[in-house]
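Enquirer: The structure is given below, and queries will be raised subsequently.
The values are calculated or read from the model by the stated rules, or taken from the named source; none is laboratory data. For clarity, every value in this text was computed on a predicted model and none was experimentally measured. Cβ placement follows ideal geometry from the backbone for every residue including glycine, while neighbour counts extend to all protein chains displayed. Areas reflect the complete protein model, heavy atoms only, side chains present, ligands, DNA and RNA absent. Shrake-Rupley method; radii C 1.70, N 1.55, O 1.52, S 1.80 Å.
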Amino acid sequence: MTIRLATPDDAEAIAEIKKLVWPEESISVPQIVKAIEDERHTSHVFLHEARVVAFIDGFETLSPEPTLRW
């Protein structure tokens, strides 16, 4: 298994995974590309035999105060 930073080329594979995990959610490949390209996001993909099989996405959030968290 390989872990690496996601690239816009991974957006379709990430969309397919999201459809399996959250079938009721609307999935937008352009939105996924936008998130991958956003410097405030960090997205990684997990590859098995050169195929994206999972992903993880980290991003900043605001507390209720609002102050930056993480």
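Enquirer: Within the stretch 37-58, can you find the residues that are open to solvent by 100 Å² or more (accessible area, probe 1.4 Å), touching a residue at least 24 places away in the same chain (Cβ under 8 Å) and either under 15 Å from R4 (Cβ atoms) or in contact with a Ser or Thr (Cβ under 8 Å, 6 or more places away or on another chain) (or both)?
Expert: Answer for the stretch 37-58, where residues must be open to solvent by 100 Å² or more (accessible area, probe 1.4 Å), touching a residue at least 24 places away in the same chain (Cβ under 8 Å) and either under 15 Å from R4 (Cβ atoms) or in contact with a Ser or Thr (Cβ under 8 Å, 6 or more places away or on another chain) (or both): just R51.
Enquirer: Just checking, how many residues over the stretch 41-70 are touching a Gly at 6+ places or on another chain (Cβ under 9 Å) and not hydroxyl-bearing (S, T, Y)?
Expert: Within the stretch 41-70, residues that are touching a Gly at 6+ places or on another chain (Cβ under 9 Å) and not hydroxyl-bearing (S, T, Y) number 3.
Enquirer: Out of all the residues in the stretch 27-57, which are more than 14 Å from P8 (Cα to Cα) and not β-branched (V, I, T)?
Expert: Matches in the stretch 27-57: R40, F46, L47, H48, E49, A50, R51, A54.
Enquirer: Follow-up question, since we're still on this one. Restricted to the stretch 1-15, and to residues that are more than 18 Å from G58 (Cβ to Cβ) and not hydroxyl-bearing (S, T, Y), which residue is surrounded by the fewest Cβ atoms within 10 Å (Cβ to Cβ)?
Expert: The selected residue is M1.
Enquirer: In the set K18, K34, which member is open to solvent by 90 Å² or more (accessible area, probe 1.4 Å) and under 12 Å from the mean Cα position of the chain (by Cα)?
Expert: Going through K18, K34 in turn, just one is open to solvent by 90 Å² or more (accessible area, probe 1.4 Å) and under 12 Å from the mean Cα position of the chain (by Cα): K34.
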